[in-house]
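Have a look at the structure below before the remarks.
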Amino acid sequence: GDTAIIDYQLLLMKLSGIDGVFIDWPGTGTNNGASSDLPANERNTKAFVARVAKAGLKYALVYEDNFLSNVSNKILQAQNDMTYAQTAYFQNANYEKVNGNPLLFVFGPQQLTSAANWTAVFSVLAQ
């Protein structure tokens, strides 16, 4: 979350010819135990995203569905995550889009493994 470090890293990326970054994003849940680092990850993601445009870079999220492992209603939590991502990230001018739609990767999938699961998760999205 240190903005000086973030600016330095982004500048190094830009000077190295990198056009954008993929952010490993665990979602918004906190159901992984008392020692969960999810709130810190979200704060750091926001700090990083706030600096990406200044460096002239694009970004996209890589959703970590494995963080749903201790969640009883995985679909509902993933829907909440997608709704949040749409509001907090997908609308940003420097969020990478393909044919006008936000680019989203999934690391896995590990917890949501069927097409029906993902159809349900994405049903909350406007795009």
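The values are calculated or read from the model by the stated rules, or taken from the named source; none is laboratory data. What you are looking at is a predicted structure, and each value in this text was computed from that prediction instead of being measured. Please note: Cβ atoms are built from the backbone with ideal geometry, for glycine as well, and neighbour counts cover all protein chains shown. Surface accessibility is based on the protein's heavy atoms, side chains included, excluding ligands, DNA and RNA. Shrake-Rupley method; radii C 1.70, N 1.55, O 1.52, S 1.80 Å.
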Dipole magnitude of the chain about its Cα centre, charges +1 at Lys/Arg Cβ and -1 at Asp/Glu Cβ only, in debye to the nearest 20? 280 debye
Prolate/oblate/rounded call for the chain, Cα gyration tensor, a/c under 1.5 rounded: oblate
Taking +1 at the Cβ of each Lys and Arg and -1 at the Cβ of each Asp and Glu, which of ALA40, LEU104, ASN92 sits farthest along the dipole of segment 40-110 towards its positive end, judged by Cα position relative to the Cα centre? ASN92
Segment 93-127 versus segment 63-83: alpha-carbon centroid distance in Å: 12 Å
Segment ASN70-PHE105, length gained on full extension (0.36 nm per residue, minus Cα span): 10.5 nm
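Rolling a 1.4 angstrom probe over the protein heavy atoms, how many square angstrom per residue are accessible across the chain?
55 Å²
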Return the Rg/Rh value of segment 60-127, two decimal places, where both radii are evaluated on C-alpha atoms and Rh is the Kirkwood radius. 0.95
29 Å Cα-Cα reach of LYS54 towards lysines, excluding residues that sit fewer than 8 places from it in its own chain: LYS14, LYS46, LYS97
Roll a 1.4 angstrom probe over the protein heavy atoms and tell me the percent of accessible area of segment 3-127 that is carbon or sulfur. 55 percent
